[in-house]
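Presented below is the structure to which this report refers.
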Amino acid sequence: MNNAQGLPLRQVNAPGKTLPPGPKGHPILGVMPEFNRDTLGFITRCRDYGDVVRARFLYVNAYFIYHPDDIEYVVSTNARNFVKSMSLRSNFFHRLVGNGLLTSEGEIWKRQRRLAQPAFHRKRISAYGDVMVDYAHRMITMWQAGEARDIHRDMMRLTLEIVVKTLFNADVSQDADKVGRALAEIVKPFASQATLKWILDNRLPTAAHRRFHREAQKIDDIVYRIIADRRASGLDRGDLLSMLLRAQDEDGSQMTDKQLRDEVMTLFLAGHETTALTLSWTWYLLAQNPLVEQKFHAELDEVLGGRLPTLEDLPRLKYLDTIAREAMRLYPPAYGLGREAIEDCEIGGFRVPRKTQVFMFQWVTQRDPRFFPEPETFRPERWTEEFSSSLPKYAYFPFGGGPRFCIGNTFAMMEIVLVLATIGQRFRLPLVPDQAVSILPAMSLRPKNGIHVVVENR
Ligand code: HEM
(Lines give C-alpha, C1' and ligand atoms only; values in the text may rest on other atoms or scores of the structure.)
Protein backbone atom coordinates (compact mmCIF):
# COMPACT_ATOMS: atom_id res chain seq x y z
CA MET A 1 0.00 0.00 0.00
CA ASN A 2 1.26 3.49 -0.85
CA ASN A 3 0.70 6.86 0.76
CA ALA A 4 -0.16 10.16 -0.92
CA GLN A 5 3.43 10.59 -2.15
CA GLY A 6 3.41 7.10 -3.65
CA LEU A 7 5.81 5.79 -1.01
CA PRO A 8 5.18 2.36 0.47
CA LEU A 9 3.44 2.68 3.83
CA ARG A 10 5.66 0.12 5.45
CA GLN A 11 8.17 -2.53 4.77
CA VAL A 12 6.47 -5.92 4.61
CA ASN A 13 8.48 -8.80 5.91
CA ALA A 14 7.36 -12.40 6.08
CA PRO A 15 7.05 -13.22 9.76
CA GLY A 16 10.01 -15.35 10.47
CA LYS A 17 13.01 -15.70 12.59
CA THR A 18 15.46 -13.78 10.46
CA LEU A 19 17.64 -10.94 11.65
CA PRO A 20 17.10 -7.53 10.03
CA PRO A 21 19.45 -6.07 7.42
CA GLY A 22 21.89 -3.29 8.23
CA PRO A 23 25.29 -1.75 7.61
CA LYS A 24 28.30 -4.00 8.21
CA GLY A 25 30.64 -1.39 9.62
CA HIS A 26 34.20 -1.89 10.83
CA PRO A 27 35.22 -5.51 11.64
CA ILE A 28 35.87 -4.65 15.30
CA LEU A 29 34.25 -1.30 16.03
CA GLY A 30 31.12 -1.97 13.98
CA VAL A 31 29.23 1.19 13.06
CA MET A 32 30.65 3.21 15.95
CA PRO A 33 33.03 5.39 13.86
CA GLU A 34 30.37 6.28 11.33
CA PHE A 35 27.81 6.92 14.05
CA ASN A 36 30.14 9.20 15.96
CA ARG A 37 31.27 11.04 12.83
CA ASP A 38 27.79 11.97 11.62
CA THR A 39 25.13 10.72 14.04
CA LEU A 40 22.05 12.27 12.45
CA GLY A 41 23.14 11.51 8.89
CA PHE A 42 23.97 7.94 9.81
CA ILE A 43 20.68 7.15 11.55
CA THR A 44 18.82 8.75 8.64
CA ARG A 45 20.73 6.81 5.97
CA CYS A 46 20.20 3.55 7.84
CA ARG A 47 16.47 3.84 7.16
CA ASP A 48 17.22 2.87 3.55
CA TYR A 49 17.74 -0.70 4.81
CA GLY A 50 14.12 -0.82 5.98
CA ASP A 51 11.96 -0.14 9.00
CA VAL A 52 13.97 -2.45 11.26
CA VAL A 53 17.73 -2.20 10.92
CA ARG A 54 20.54 -3.98 12.70
CA ALA A 55 23.76 -2.18 13.62
CA ARG A 56 26.62 -3.38 15.80
CA PHE A 57 28.48 -1.02 18.15
CA LEU A 58 31.61 -2.97 19.04
CA TYR A 59 30.14 -5.85 21.06
CA VAL A 60 26.71 -4.28 21.45
CA ASN A 61 23.88 -5.41 19.20
CA ALA A 62 21.54 -2.57 18.32
CA TYR A 63 18.34 -2.36 16.29
CA PHE A 64 17.03 0.88 14.84
CA ILE A 65 13.23 0.95 14.66
CA TYR A 66 11.66 3.48 12.29
CA HIS A 67 8.01 2.61 11.83
CA PRO A 68 5.40 4.12 14.21
CA ASP A 69 3.62 0.77 14.65
CA ASP A 70 6.84 -0.90 15.76
CA ILE A 71 7.72 2.05 18.01
CA GLU A 72 4.30 1.71 19.62
CA TYR A 73 4.98 -1.98 20.18
CA VAL A 74 8.26 -1.26 21.98
CA VAL A 75 7.35 1.74 24.12
CA SER A 76 3.70 0.98 24.75
CA THR A 77 1.96 -2.29 23.89
CA ASN A 78 4.90 -4.56 24.70
CA ALA A 79 6.63 -2.17 27.12
CA ARG A 80 6.83 -4.93 29.72
CA ASN A 81 9.45 -6.71 27.67
CA PHE A 82 11.82 -3.72 27.65
CA VAL A 83 13.94 -1.79 30.12
CA LYS A 84 15.82 1.44 29.46
CA SER A 85 18.84 0.94 27.24
CA MET A 86 22.27 0.39 28.71
CA SER A 87 23.43 3.90 27.73
CA LEU A 88 21.06 5.31 30.37
CA ARG A 89 22.33 2.87 32.92
CA SER A 90 25.89 4.11 32.62
CA ASN A 91 27.80 4.84 35.82
CA PHE A 92 27.87 8.48 34.90
CA PHE A 93 24.15 8.86 34.58
CA HIS A 94 23.42 6.67 37.55
CA ARG A 95 25.72 8.68 39.78
CA LEU A 96 23.73 11.80 38.90
CA VAL A 97 20.14 10.68 39.00
CA GLY A 98 20.36 7.37 40.90
CA ASN A 99 17.05 5.57 40.92
CA GLY A 100 15.03 8.58 39.85
CA LEU A 101 12.06 8.35 37.51
CA LEU A 102 14.06 8.53 34.32
CA THR A 103 16.32 5.59 35.09
CA SER A 104 14.56 3.32 37.59
CA GLU A 105 12.70 0.17 36.61
CA GLY A 106 10.07 -2.24 37.88
CA GLU A 107 8.42 -1.78 41.25
CA ILE A 108 10.69 1.11 42.30
CA TRP A 109 9.80 3.09 39.17
CA LYS A 110 6.08 2.27 39.54
CA ARG A 111 5.94 3.50 43.11
CA GLN A 112 7.93 6.66 42.37
CA ARG A 113 5.76 7.48 39.38
CA ARG A 114 2.64 6.96 41.49
CA LEU A 115 4.02 9.30 44.16
CA ALA A 116 5.28 11.99 41.78
CA GLN A 117 2.39 12.05 39.29
CA PRO A 118 0.03 14.26 41.36
CA ALA A 119 2.75 16.92 41.62
CA PHE A 120 2.58 17.26 37.82
CA HIS A 121 -1.17 17.42 37.54
CA ARG A 122 -2.30 20.38 35.43
CA LYS A 123 -4.03 21.99 38.43
CA ARG A 124 -0.94 21.75 40.62
CA ILE A 125 1.50 23.09 38.07
CA SER A 126 -0.77 25.92 36.96
CA ALA A 127 0.61 27.90 39.91
CA TYR A 128 3.94 27.98 38.10
CA GLY A 129 2.61 29.91 35.10
CA ASP A 130 3.30 33.21 36.85
CA VAL A 131 6.87 32.18 37.67
CA MET A 132 7.50 31.38 34.01
CA VAL A 133 6.18 34.73 32.79
CA ASP A 134 7.83 36.75 35.59
CA TYR A 135 11.24 35.24 34.97
CA ALA A 136 11.05 35.65 31.20
CA HIS A 137 9.88 39.23 31.65
CA ARG A 138 12.66 39.99 34.13
CA MET A 139 15.21 38.62 31.69
CA ILE A 140 14.13 40.75 28.75
CA THR A 141 14.01 43.97 30.73
CA MET A 142 17.82 43.76 30.61
CA TRP A 143 17.90 43.35 26.83
CA GLN A 144 18.83 46.29 24.64
CA ALA A 145 17.56 46.74 21.10
CA GLY A 146 20.39 46.27 18.62
CA GLU A 147 22.53 44.01 20.79
CA ALA A 148 23.58 40.52 19.69
CA ARG A 149 22.81 37.61 22.02
CA ASP A 150 23.28 33.88 22.10
CA ILE A 151 19.64 33.02 22.50
CA HIS A 152 20.41 29.42 23.43
CA ARG A 153 22.45 30.57 26.40
CA ASP A 154 19.64 32.84 27.48
CA MET A 155 17.06 30.10 27.18
CA MET A 156 19.25 27.68 29.18
CA ARG A 157 19.64 30.19 31.98
CA LEU A 158 15.95 31.05 31.98
CA THR A 159 14.67 27.46 32.10
CA LEU A 160 17.22 26.64 34.80
CA GLU A 161 15.98 29.54 36.93
CA ILE A 162 12.40 28.43 36.37
CA VAL A 163 13.05 24.83 37.34
CA VAL A 164 15.01 25.96 40.41
CA LYS A 165 12.19 28.24 41.52
CA THR A 166 9.43 25.70 40.90
CA LEU A 167 11.38 22.86 42.55
CA PHE A 168 12.71 24.65 45.62
CA ASN A 169 11.03 28.01 45.88
CA ALA A 170 12.92 31.21 46.61
CA ASP A 171 14.21 30.60 50.09
CA VAL A 172 16.94 28.31 48.88
CA SER A 173 17.46 29.71 45.42
CA GLN A 174 21.11 30.58 46.07
CA ASP A 175 21.96 26.99 46.90
CA ALA A 176 19.77 25.71 44.15
CA ASP A 177 21.45 28.04 41.71
CA LYS A 178 24.79 26.57 42.71
CA VAL A 179 23.45 23.08 42.08
CA GLY A 180 22.16 24.12 38.70
CA ARG A 181 25.40 25.70 37.64
CA ALA A 182 27.58 22.86 38.90
CA LEU A 183 25.34 20.39 37.16
CA ALA A 184 25.51 22.26 33.88
CA GLU A 185 29.32 22.31 34.21
CA ILE A 186 29.85 18.66 34.94
CA VAL A 187 27.41 17.40 32.36
CA LYS A 188 29.28 19.26 29.61
CA PRO A 189 32.23 16.94 28.85
CA PHE A 190 30.06 13.85 28.90
CA ALA A 191 27.18 15.30 27.04
CA SER A 192 29.37 16.35 24.17
CA GLN A 193 29.79 12.72 23.25
CA ALA A 194 27.36 10.61 21.34
CA THR A 195 25.16 8.70 23.77
CA LEU A 196 26.17 5.28 22.58
CA LYS A 197 29.82 6.13 23.00
CA TRP A 198 29.21 6.26 26.74
CA ILE A 199 28.79 2.52 26.68
CA LEU A 200 32.54 2.36 26.31
CA ASP A 201 33.86 5.59 27.73
CA ASN A 202 32.20 5.63 31.09
CA ARG A 203 34.34 2.72 32.17
CA LEU A 204 37.62 4.59 31.85
CA PRO A 205 38.99 6.40 34.96
CA THR A 206 39.93 9.67 33.23
CA ALA A 207 40.59 12.98 34.99
CA ALA A 208 37.25 14.31 33.72
CA HIS A 209 35.51 11.36 35.32
CA ARG A 210 37.22 11.97 38.66
CA ARG A 211 36.27 15.65 38.55
CA PHE A 212 32.74 14.65 37.75
CA HIS A 213 32.46 12.43 40.82
CA ARG A 214 33.91 15.15 43.04
CA GLU A 215 31.42 17.73 41.76
CA ALA A 216 28.57 15.27 42.07
CA GLN A 217 29.40 14.87 45.75
CA LYS A 218 29.22 18.64 46.27
CA ILE A 219 25.81 18.73 44.65
CA ASP A 220 24.63 15.87 46.83
CA ASP A 221 25.65 17.74 49.97
CA ILE A 222 23.59 20.78 48.98
CA VAL A 223 20.52 18.82 47.92
CA TYR A 224 20.53 16.71 51.08
CA ARG A 225 20.80 19.84 53.18
CA ILE A 226 17.85 21.44 51.41
CA ILE A 227 15.82 18.29 52.02
CA ALA A 228 16.79 18.15 55.71
CA ASP A 229 15.91 21.84 56.24
CA ARG A 230 12.56 21.39 54.57
CA ARG A 231 11.76 18.30 56.60
CA ALA A 232 12.72 20.11 59.80
CA SER A 233 10.58 23.16 59.01
CA GLY A 234 7.59 21.03 57.98
CA LEU A 235 6.37 23.89 55.76
CA ASP A 236 4.51 23.36 52.50
CA ARG A 237 5.92 25.95 50.16
CA GLY A 238 3.79 24.85 47.24
CA ASP A 239 6.84 23.88 45.21
CA LEU A 240 7.64 20.50 43.69
CA LEU A 241 9.92 19.52 46.56
CA SER A 242 7.12 20.06 49.09
CA MET A 243 4.77 18.00 46.96
CA LEU A 244 7.26 15.16 46.67
CA LEU A 245 8.00 15.34 50.40
CA ARG A 246 4.35 15.10 51.32
CA ALA A 247 3.44 12.44 48.75
CA GLN A 248 2.21 9.28 50.42
CA ASP A 249 1.74 5.87 48.96
CA GLU A 250 -1.42 3.83 49.64
CA ASP A 251 0.29 2.16 52.60
CA GLY A 252 1.19 5.56 54.07
CA SER A 253 4.89 5.30 53.20
CA GLN A 254 6.79 8.31 51.88
CA MET A 255 9.98 8.87 49.91
CA THR A 256 13.28 8.45 51.69
CA ASP A 257 15.90 11.21 51.53
CA LYS A 258 17.80 9.21 48.93
CA GLN A 259 14.72 8.83 46.73
CA LEU A 260 13.93 12.53 47.08
CA ARG A 261 17.48 13.41 46.15
CA ASP A 262 17.30 11.17 43.07
CA GLU A 263 14.01 12.72 41.94
CA VAL A 264 15.23 16.26 42.50
CA MET A 265 18.32 15.58 40.39
CA THR A 266 16.21 13.87 37.73
CA LEU A 267 13.87 16.84 37.46
CA PHE A 268 16.80 19.22 37.26
CA LEU A 269 18.35 17.24 34.49
CA ALA A 270 15.25 16.22 32.54
CA GLY A 271 13.38 19.44 33.09
CA HIS A 272 15.43 22.34 31.93
CA GLU A 273 17.63 21.63 28.94
CA THR A 274 14.89 19.95 26.91
CA THR A 275 12.63 22.96 27.34
CA ALA A 276 15.47 25.40 26.63
CA LEU A 277 16.29 23.54 23.42
CA THR A 278 12.72 23.67 22.18
CA LEU A 279 12.68 27.42 22.79
CA SER A 280 16.07 27.96 21.12
CA TRP A 281 15.20 25.99 18.00
CA THR A 282 11.82 27.72 17.84
CA TRP A 283 13.49 31.16 17.75
CA TYR A 284 15.81 29.84 15.08
CA LEU A 285 12.92 28.59 12.95
CA LEU A 286 10.86 31.76 13.45
CA ALA A 287 13.81 33.88 12.32
CA GLN A 288 13.94 31.95 9.07
CA ASN A 289 10.21 31.85 8.37
CA PRO A 290 8.85 35.42 8.17
CA LEU A 291 5.31 34.34 7.26
CA VAL A 292 5.07 32.15 10.33
CA GLU A 293 6.58 34.94 12.40
CA GLN A 294 3.94 37.37 11.14
CA LYS A 295 1.14 35.02 12.14
CA PHE A 296 2.85 34.52 15.51
CA HIS A 297 2.81 38.29 16.09
CA ALA A 298 -0.76 38.60 14.84
CA GLU A 299 -1.95 36.05 17.39
CA LEU A 300 -0.05 37.77 20.20
CA ASP A 301 -1.58 41.13 19.25
CA GLU A 302 -5.06 39.70 19.04
CA VAL A 303 -5.00 37.66 22.25
CA LEU A 304 -2.77 39.79 24.48
CA GLY A 305 -2.79 43.23 22.91
CA GLY A 306 0.49 44.19 24.57
CA ARG A 307 -0.07 42.82 28.08
CA LEU A 308 1.86 39.91 29.61
CA PRO A 309 0.38 36.45 29.09
CA THR A 310 -1.24 34.42 31.85
CA LEU A 311 -2.19 30.80 32.13
CA GLU A 312 -5.77 31.66 31.14
CA ASP A 313 -4.52 32.82 27.74
CA LEU A 314 -3.12 29.41 26.82
CA PRO A 315 -6.28 27.98 25.23
CA ARG A 316 -6.40 31.01 22.91
CA LEU A 317 -2.73 30.91 21.91
CA LYS A 318 -3.48 28.10 19.48
CA TYR A 319 -1.04 29.08 16.75
CA LEU A 320 1.78 29.29 19.31
CA ASP A 321 0.96 25.78 20.37
CA THR A 322 1.32 24.53 16.79
CA ILE A 323 4.59 26.47 16.42
CA ALA A 324 5.99 24.63 19.45
CA ARG A 325 4.73 21.29 18.18
CA GLU A 326 6.21 21.81 14.73
CA ALA A 327 9.54 22.97 16.20
CA MET A 328 9.72 19.78 18.27
CA ARG A 329 8.96 17.75 15.15
CA LEU A 330 11.96 19.17 13.31
CA TYR A 331 14.25 19.57 16.31
CA PRO A 332 13.18 17.04 18.93
CA PRO A 333 15.26 17.80 22.05
CA ALA A 334 15.35 14.07 22.81
CA TYR A 335 16.21 12.85 19.33
CA GLY A 336 16.20 9.15 20.23
CA LEU A 337 14.76 6.71 22.75
CA GLY A 338 16.58 3.57 23.84
CA ARG A 339 15.37 0.29 25.28
CA GLU A 340 16.81 -3.16 25.94
CA ALA A 341 14.83 -6.33 25.22
CA ILE A 342 14.39 -8.50 28.33
CA GLU A 343 13.31 -11.64 26.46
CA ASP A 344 13.50 -12.63 22.79
CA CYS A 345 10.69 -11.09 20.78
CA GLU A 346 9.77 -10.12 17.23
CA ILE A 347 9.56 -6.66 15.72
CA GLY A 348 8.24 -6.08 12.20
CA GLY A 349 8.68 -9.80 11.52
CA PHE A 350 12.32 -9.84 12.61
CA ARG A 351 13.81 -11.76 15.48
CA VAL A 352 14.98 -9.66 18.41
CA PRO A 353 17.31 -11.61 20.70
CA ARG A 354 17.19 -10.72 24.39
CA LYS A 355 19.57 -7.93 25.43
CA THR A 356 19.31 -6.26 22.00
CA GLN A 357 19.52 -2.46 22.37
CA VAL A 358 16.54 -1.03 20.54
CA PHE A 359 16.67 2.60 19.39
CA MET A 360 13.86 4.73 18.04
CA PHE A 361 14.67 8.10 16.56
CA GLN A 362 12.29 11.03 16.70
CA TRP A 363 14.75 12.79 14.41
CA VAL A 364 14.13 10.32 11.58
CA THR A 365 10.52 9.22 12.03
CA GLN A 366 9.27 12.79 12.54
CA ARG A 367 10.86 13.71 9.19
CA ASP A 368 9.55 10.65 7.35
CA PRO A 369 7.74 11.69 4.14
CA ARG A 370 5.33 8.78 4.56
CA PHE A 371 3.77 10.63 7.48
CA PHE A 372 4.74 14.27 6.99
CA PRO A 373 4.36 15.80 3.51
CA GLU A 374 7.28 18.11 2.76
CA PRO A 375 8.91 16.89 5.92
CA GLU A 376 11.78 19.41 5.97
CA THR A 377 9.46 22.41 5.83
CA PHE A 378 8.58 24.27 9.03
CA ARG A 379 4.82 24.55 8.72
CA PRO A 380 2.84 24.88 11.95
CA GLU A 381 -0.35 24.98 9.83
CA ARG A 382 0.00 21.25 9.17
CA TRP A 383 -1.18 20.56 12.74
CA THR A 384 -4.91 20.67 12.06
CA GLU A 385 -7.13 18.43 14.20
CA GLU A 386 -7.76 16.32 11.13
CA PHE A 387 -4.06 15.85 10.43
CA SER A 388 -3.26 15.07 14.08
CA SER A 389 -5.97 12.46 14.33
CA SER A 390 -5.01 10.80 11.03
CA LEU A 391 -1.35 10.49 12.04
CA PRO A 392 -0.16 7.10 13.32
CA LYS A 393 0.26 7.55 17.07
CA TYR A 394 4.02 7.12 17.13
CA ALA A 395 4.90 9.07 13.99
CA TYR A 396 5.34 12.01 16.38
CA PHE A 397 6.70 11.30 19.87
CA PRO A 398 8.86 14.14 21.22
CA PHE A 399 7.79 13.25 24.77
CA GLY A 400 8.15 9.49 24.32
CA GLY A 401 5.13 7.32 25.04
CA GLY A 402 3.58 4.43 26.94
CA PRO A 403 4.15 4.09 30.67
CA ARG A 404 7.43 6.06 30.53
CA PHE A 405 5.79 9.06 28.85
CA CYS A 406 7.39 12.34 29.94
CA ILE A 407 5.89 13.33 33.28
CA GLY A 408 6.78 16.98 32.65
CA ASN A 409 5.11 17.38 29.26
CA THR A 410 2.28 19.70 30.42
CA PHE A 411 4.78 21.72 32.45
CA ALA A 412 7.04 21.99 29.40
CA MET A 413 4.31 23.00 26.93
CA MET A 414 3.05 25.61 29.35
CA GLU A 415 6.54 27.01 29.79
CA ILE A 416 7.33 27.03 26.09
CA VAL A 417 4.16 28.88 25.06
CA LEU A 418 4.30 31.39 27.95
CA VAL A 419 7.97 32.20 27.34
CA LEU A 420 7.49 32.55 23.57
CA ALA A 421 4.54 34.86 24.19
CA THR A 422 6.33 37.00 26.79
CA ILE A 423 9.40 37.57 24.62
CA GLY A 424 7.56 37.69 21.29
CA GLN A 425 5.36 40.53 22.58
CA ARG A 426 8.35 42.81 22.85
CA PHE A 427 11.07 41.60 20.51
CA ARG A 428 11.93 40.01 17.19
CA LEU A 429 15.09 37.93 17.13
CA PRO A 430 16.55 37.85 13.61
CA LEU A 431 19.69 35.76 13.16
CA VAL A 432 23.12 37.36 13.11
CA PRO A 433 23.95 37.04 9.40
CA ASP A 434 26.44 34.51 8.01
CA GLN A 435 26.55 32.27 11.02
CA ALA A 436 26.67 28.53 10.57
CA VAL A 437 24.25 27.05 13.10
CA SER A 438 25.16 23.41 13.47
CA ILE A 439 23.63 20.63 15.50
CA LEU A 440 25.41 18.66 18.18
CA PRO A 441 23.50 15.46 18.85
CA ALA A 442 24.79 14.78 22.37
CA MET A 443 22.40 13.65 25.10
CA SER A 444 20.01 16.00 23.39
CA LEU A 445 19.90 17.97 20.18
CA ARG A 446 22.00 21.07 20.85
CA PRO A 447 23.10 24.01 18.73
CA LYS A 448 26.83 23.42 18.70
CA ASN A 449 27.99 27.02 18.86
CA GLY A 450 24.82 28.57 20.14
CA ILE A 451 22.28 30.57 18.12
CA HIS A 452 23.23 34.20 17.74
CA VAL A 453 20.46 36.71 17.23
CA VAL A 454 20.04 40.46 17.16
CA VAL A 455 17.48 41.91 19.56
CA GLU A 456 15.02 44.09 17.66
CA ASN A 457 12.06 45.97 19.05
CA ARG A 458 8.77 44.94 17.48
C1 HEM B 1 10.31 20.04 25.68
C2 HEM B 1 10.61 19.52 26.85
C3 HEM B 1 10.75 18.05 27.13
C4 HEM B 1 10.97 17.01 26.28
C5 HEM B 1 11.14 17.05 24.77
C6 HEM B 1 11.01 15.82 27.08
C7 HEM B 1 11.19 14.54 26.58
C8 HEM B 1 11.10 13.39 27.33
C9 HEM B 1 11.13 12.05 26.79
C10 HEM B 1 11.31 11.70 25.32
C11 HEM B 1 10.99 11.18 27.83
C12 HEM B 1 10.90 9.65 27.72
C13 HEM B 1 12.25 8.99 27.85
C14 HEM B 1 12.16 7.50 27.60
O15 HEM B 1 11.08 6.96 27.41
O16 HEM B 1 13.22 6.85 27.59
C17 HEM B 1 10.89 11.97 29.04
C18 HEM B 1 10.77 11.44 30.31
C19 HEM B 1 10.78 12.20 31.45
N20 HEM B 1 10.75 13.59 31.52
FE21 HEM B 1 10.68 14.86 29.97
N22 HEM B 1 10.84 16.16 28.40
C23 HEM B 1 10.66 17.52 28.47
C24 HEM B 1 10.43 18.26 29.61
C25 HEM B 1 10.41 17.76 30.89
C26 HEM B 1 10.18 18.54 32.09
C27 HEM B 1 9.90 20.04 32.11
C28 HEM B 1 10.29 17.68 33.15
C29 HEM B 1 10.14 17.95 34.63
C30 HEM B 1 9.99 19.10 35.19
C31 HEM B 1 10.57 16.36 32.61
C32 HEM B 1 10.74 15.22 33.36
C33 HEM B 1 10.78 13.94 32.85
C34 HEM B 1 10.85 12.74 33.68
C35 HEM B 1 10.91 12.68 35.21
C36 HEM B 1 10.84 11.64 32.80
C37 HEM B 1 10.87 10.16 33.18
C38 HEM B 1 9.44 9.65 33.28
C39 HEM B 1 9.33 8.17 33.62
O40 HEM B 1 10.11 7.37 33.09
O41 HEM B 1 8.42 7.85 34.40
N42 HEM B 1 10.62 16.44 31.25
N43 HEM B 1 10.95 13.32 28.71
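Structural remarks
- Probing with 1.4 Å while keeping every protein chain in the model, the per residue accessible area of region 204-349 equals 43 Å².
- Tail weight of P(r) past 42 Å, computed on alpha-carbon pairs of the chain, percent: 15 percent
- Divided by 2.2 N^0.38 Å, where N counts the residues, the Cα radius of gyration of region 341-458 comes to 1.40.
- Sorted from longest to shortest, the spans of the Cα atoms of region 28-96 along the three principal axes equal 35, 32, 20 Å.
- Alpha-carbon centroids, region 47-69 and region 379-435: separation in whole Å: 27 Å
- The helix-only estimate of mean residue ellipticity at 222 nm for the chain, built from DSSP H runs of length n ≥ 4 each weighted as -39500 (n - 2.57), is -14500 deg cm²/dmol after division by the residue total.
- When region 361-423 is reduced to its Cα atoms, the Kirkwood hydrodynamic radius in Å: 13.4 Å
- Membrane-span-like helices in the chain (whole DSSP H runs, Cα extent of at least 24 Å along the helix axis, mean Kyte-Doolittle hydropathy of at least -0.5): 151-168, 173-191, 257-288, 409-426.
- Diffusion coefficient of region 314-402 by Stokes-Einstein, Kirkwood radius over Cα pairs, 37 °C, 0.692 mPa s: 225 µm²/s.
- Remark: region 316-390 carries a charge dipole of roughly 160 debye about the Cα centre, counting +1 on each Lys and Arg Cβ and -1 on each Asp and Glu Cβ.
- Kirkwood hydrodynamic radius computed over region 288-329 comes to 10.8 Å, based on all pairs of distinct alpha carbons.
- Computed over region 337-458, relative contact order equals 15 percent, with contacts defined as Cα pairs under 8 Å that lie 6+ residues apart.
- For Gly30, distant residues with modelled amide H under 5 Å away: Leu58
- The listed peptides 330-338, 364-372, 272-280, ordered by packing as a protection proxy, come out as 272-280, 330-338, 364-372 (highest mean of other Cβ atoms within 10 Å first).
- Of Phe35, Gly50, Gln259, farthest towards positive along the dipole that unit charges on Lys, Arg, Asp, Glu beta carbons give the chain: Phe35
- Stokes-Einstein diffusion for region 23-158, with the hydrodynamic radius set to the Kirkwood value over Cα pairs and evaluated at 20 °C in a medium of 1.002 mPa s, equals 110 µm²/s.
- Each listed q (0.09, 0.16, 0.17 Å⁻¹) maps to a log10 I(q)/I(0) for region 239-372 from the Debye sum over equal C-alpha point scatterers, namely -0.50, -1.05, -1.07.
- Among Pro373, Trp383, Gln294 the positive-end extreme of the charge dipole of region 249-404 (Cβ point charges): Pro373
- Members of Lys123/Lys355; Lys178/Lys355; Lys110/Lys318; Lys110/Lys355; Lys123/Lys448 lying beyond 32 Å, as alpha-carbon distances in this model show: Lys123/Lys355; Lys178/Lys355; Lys110/Lys318; Lys123/Lys448
The values are calculated or read from the model by the stated rules, or taken from the named source; none is laboratory data. The shown structure was predicted, so the numbers you read here are calculated from the model rather than taken from an experiment. Cβ sites come from the backbone with ideal geometry, for glycine too, and all protein chains shown count toward neighbours. With ligands, DNA and RNA removed, areas are computed over all heavy atoms of the protein, side chains included. Shrake-Rupley method; radii C 1.70, N 1.55, O 1.52, S 1.80 Å.
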